[in-house]
Amino acid sequence: MATITRRPLTHGGYAYRVQIRRKGHPTLSKSFETRRDASEWAREHDREAKLAEAFTDARGRNKMLADLIDRYMREYNGRDMARLPRLAWWKKKLGDTRLPKVTPDVIADALDDLRAGYAKHGRRGGGKATRRRRSEATINRYHAVLSAVYQYALKRRWGWVKRNPCREVGRGQERTGRRRWLDDRERERLLTACRKSEWPGLYPLVLLALSTGARRGELLALRWRNVDLKAGRAVLHNSKNGEPRVLPLVKPVRDALGKLPRRIDSDLLFPALTDPEKPFGIYKVWWAALQAADVSD
């Protein structure tokens, strides 16, 4: 509840002091030169308080957005590795913001900042990186990953949030994509180039992609414990919709995976050389194979 008190000043005139008392919260106080400014501040604070109550539950009032993201990452076993850098961006941008303050307006402003900035893009086949605006599709992926965090918290009934504020932030209009299919000769040239790659995992990875249609992030996150070469199947636990999905492994894929070197310090099929718990960064070897195969566009 807000109360406005008129107080005389020693040099003449008046100041208008606003006090806001809410159960379970410290009293807020601020003085203004005019009653109109005092009333506007009280109304704005009341609006923010109602928003906080609308989206945040009792146990989440003193939690930060970083707390929400960290708990999500600890509990959500089906996470897509591509989400990690986007969630890291949200932690850096709003991580120290209390959940009651993470309103749709705050989220929309953060996405506008992301939209106004630049991203570095490496050129195909290596070369100097370029800077360009992020596409609306990219902005939507950042929007979606934060929304997924809130939806998971709601589904698991943590008692931190009541509603998902991302649902009240509009998504950008994405451009219609274009599908590009390899013809038979391109596919053979590409597979030949992948066999000759300096990285032995490229051929089985590309063969998996061609034969299953699975996404890059899904395949790079595959673990040996989820692959059964005898039964000819692999189970994806990080699919886009969060539900497990079974991939059939045809004989050429089984043969290629059977020859793939296995690391004793990692369960990933395609671990990074320096960090066995992260997937291999394929861009350099991938563009080299495309150039060797004369596959473009």
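The values are calculated or read from the model by the stated rules, or taken from the named source; none is laboratory data. Computed from a prediction, not measured in an experiment: that's the story for all the values here. Backbone-built Cβ (ideal geometry, glycine too); neighbour counts: all protein chains shown. We work out accessible area using only protein heavy atoms, side chains counted, and drop any ligands, DNA or RNA first. Shrake-Rupley method; radii C 1.70, N 1.55, O 1.52, S 1.80 Å.
With respect to the chain, whose longest principal axis is taken over its alpha-carbon atoms, helix 83-94 is tilted by about 20°. Protection proxy ranking of 133-141, 145-153, 196-204, by the mean of other Cβ atoms within 10 Å over each peptide's residues and highest first, is 145-153, 196-204, 133-141.
Only protein atoms count toward the accessible area here, which uses a 1.4 Å probe; on segment 236-297, the carbon and sulfur part of that area reaches 58 percent. Across the chain, the mean sequence separation of Cα contacts (distance under 8 Å, 6 or more residues apart), normalised by length, yields a relative contact order of 15 percent. Each residue, Thr27 and Tyr283, gets one label point 7 Å from its Cα in the Cβ direction; the gap between the two is 5.7 nm.
Compute the helix-to-body angle for 65-75: its Cα long axis versus the longest principal axis of the chain, expressed 0 to 90° and rounded to tens. Rounded to the nearest ten degrees, it is 40. Rolling a 1.4 Å probe across the protein heavy atoms gives the chain an accessible surface of 64 Å² per residue.
Distance between the pseudo-spin-label points of Val235 and Arg7 (7 Å out from Cα toward the beta carbon): 6.6 nm. When Asp113, Asp67, Asp294 are compared by accessible surface with a 1.4 Å probe, the order from highest to lowest is Asp294, Asp113, Asp67.
Helical content alone sets the calculated 222 nm signal of the chain at -13000 deg cm²/dmol, taking -39,500 (n - 2.57) per DSSP H segment of four or more residues and averaging over every residue.
In the chain, a dipole from Cβ-located charges (positive for Lys and Arg, negative for Asp and Glu) runs towards its positive end, and of Ile282, Leu28, Ser197 it is Leu28 whose Cα lies farthest in that direction. Working from label points 7 Å from Cα in the Cα-to-Cβ sense, the Ser135 to Lys92 distance is 2.2 nm. Over the chain, the pair-distance histogram of Cα-Cα distances with 5 Å bins from zero comes to 1, 4, 9, 11, 12, 12, 11, 10, 8, 5, 4, 3, 3, 3, 2, 1, 1, 0, 0 percent, rounded to whole numbers.
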